[in-house]
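Okay, structure first, notes after.
The values are calculated or read from the model by the stated rules, or taken from the named source; none is laboratory data. In this text, all values refer to a predicted model and were calculated from it rather than measured experimentally. Methodologically, a virtual Cβ is constructed for each residue, glycine included, from the backbone with ideal geometry; neighbour enumeration extends over all protein chains shown. For the accessible areas, the whole protein counts, side chains as well, though only heavy atoms, and no ligand, DNA or RNA atoms are used. Shrake-Rupley method; radii C 1.70, N 1.55, O 1.52, S 1.80 Å.
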Amino acid sequence: MPFCQTKCTYCNFHTAVVSQARFAPYVSCVSAEMGRRREFYAAAGVALPAEIANAVVDTIYIGGGTPSLLDPGHLLSIVAAVRENFAHELLEVTLEADPETVTDGKAAAWVAAGIDRISFGVQSFCDEELKAAGRMHRRGDVYRAAGILRAAGIRNISFDLIAGLPKQTRESWRESLDSLVELAPEHASVYLLEVDEGSRLGSELLRGGARYSAGDVPGDDELAEFYETACAVLGRAAYEHYEISNWARPGLASRHNLKYWRREAYLGFGAGAHSFSGTERWANAHDAAGYVDALSAGRLPVEQLEKVTPESALEEELFLGLRQLEGIDVGRIEREYGVSLDSRFARLSSAGLIERAGSWVRLAPGRVSVSNEVFVELMK
């Protein structure tokens, strides 16, 4: 759902601020894409294996953008389209939501639609940081929205925080972490600010400019400290650190997102949605208007269709697997790919960056913050 109320300064996603009149036609096209997927995939040259085409759907993730902007009826039709077009045994249905968009009526309708998990784009509990980042909500909105969701019966809530926002300090970061712990969501994600040309803030930082409070962005050393603080605070609060950027109460890790890190198959629908069949990756064109035009004309605007080679699959196994704190089963990977990884892991082990227990390898405790160095070295 690539629609937002406004464009955050740090956002590098393909989202747009559009009239709500465009929501209904878009939702209709997403439902149509599900219903005609076999026909569309065949025309686009996507070879969907039978075991994926006939798989049972157990998770849905409605992301964006800000899908909580949509009328609840639109979200109900999306979930209904999944139920109508796929064999399903739904265990987790997640909706991304911004705090200021939550109302009593919406929350009740979401629960009635079968949505049982809300992923909140909190980003910060400091109003000064939220203003600088172009966010619409404020600290009080998070507390209000969390109460509404609990009252409606939502028992699985995730909060996102961003380390490195403009005007963020050691003290304000700790305040955000403490506020998160106070509200006790079942899941928490901590992301480091991305700096690239795809966002207004990132572009300004790369040019050395001062707009969008670029001069108030914390440095790399501070980011590393913020991350370590998050690890410590969330650990003391009994959250399990199961992936580099993600923590959860026991048994409440994101079922859907685990599929990405475990290289399991997933199908995406809508503008900019990505899919993975195990042998191919593809994505729909990002422009929402172009997507609607294409679907209305009876075709799917697939782009970036690529075969996954054994070499790239192996790299994904290592890179994505080591993002998980439990690590990777090296023996399984060596058997499946017919390779020996001893030489790759030997230099990392001697540097104290990884630890090995039998067939399993994982990032060494306390070295998660330098994971990128590990990944770069591993791919050599």
Dipole moment magnitude, nearest 20 debye, the range 261-332 about Cα centre, only Lys, Arg, Asp, Glu C-beta charged:
140 debye
Run the dipole for the range 22-181 about the Cα centre, Lys and Arg Cβ at +1, Asp and Glu Cβ at -1, nothing else charged, and hand back the magnitude in debye, nearest 20.
200 debye
With every protein chain present, what is the per residue accessible area of the chain (1.4 Å probe, Å²)?
44 Å²
Please give me the summed charge of the neighbours of residue 53: other residues whose Cβ is under 10 Å from its Cβ, Lys and Arg +1, Asp and Glu -1.
+1
Pairwise Lys count, the chain - Cα closer than 21 Å, eight or more residues apart or different chains
4
Relative contact order for the range 281-367: what percent, with Cα pairs under 8 Å and sequence separation of 6 or more?
22 percent
Using the Kyte-Doolittle scale, find the helices of the chain whose mean hydropathy is at least 0.0 and whose Cα atoms extend 15 Å or more along the helix's long axis, counting only whole DSSP H runs.
23-35, 72-85, 139-152
Mean separation of Cα contacts under 8 Å (6+ apart) over length of the chain, as relative contact order %
14 percent
Please give the net charge around residue 29, taking every other residue with its beta carbon less than 14 angstrom from that of residue 29, where Lys and Arg add +1 and Asp and Glu add -1.
+1
For the range 93-207, what % of the accessible area comes from carbon and sulfur atoms, probe 1.4 Å?
51 percent
Of 322, 75, 205, which has the largest mean-square fluctuation in a 10 Å C-alpha GNM of the chain?
205
Peptides 19-25, 30-36: what's the order by average Cβ count within 10 Å, highest mean first?
30-36, 19-25
Please report how far the C-alpha centroid of the range 213-228 lies from that of the range 82-115, rounded to the nearest whole angstrom.
35 Å
Give me the percent of DSSP beta bridges within the chain that run antiparallel, rounded to the nearest 5.
50 percent
Please report the spacing between the Cα centers of the range 23-62 and the range 274-343 in Å, no decimals.
17 Å
Toward the positive end of the charge dipole of the range 43-105, about the Cα centre and with charges on Cβ (Lys, Arg +1; Asp, Glu -1), which of 80, 66, 49 goes farthest?
49
Taking 44-57, 116-129, 92-105 and ranking on average Cβ neighbours within 10 Å, highest first, one gets 116-129, 92-105, 44-57
Among 360-368, 186-194, how do they line up from the highest to the lowest mean number of other beta-carbon atoms within 10 Å?
186-194, 360-368
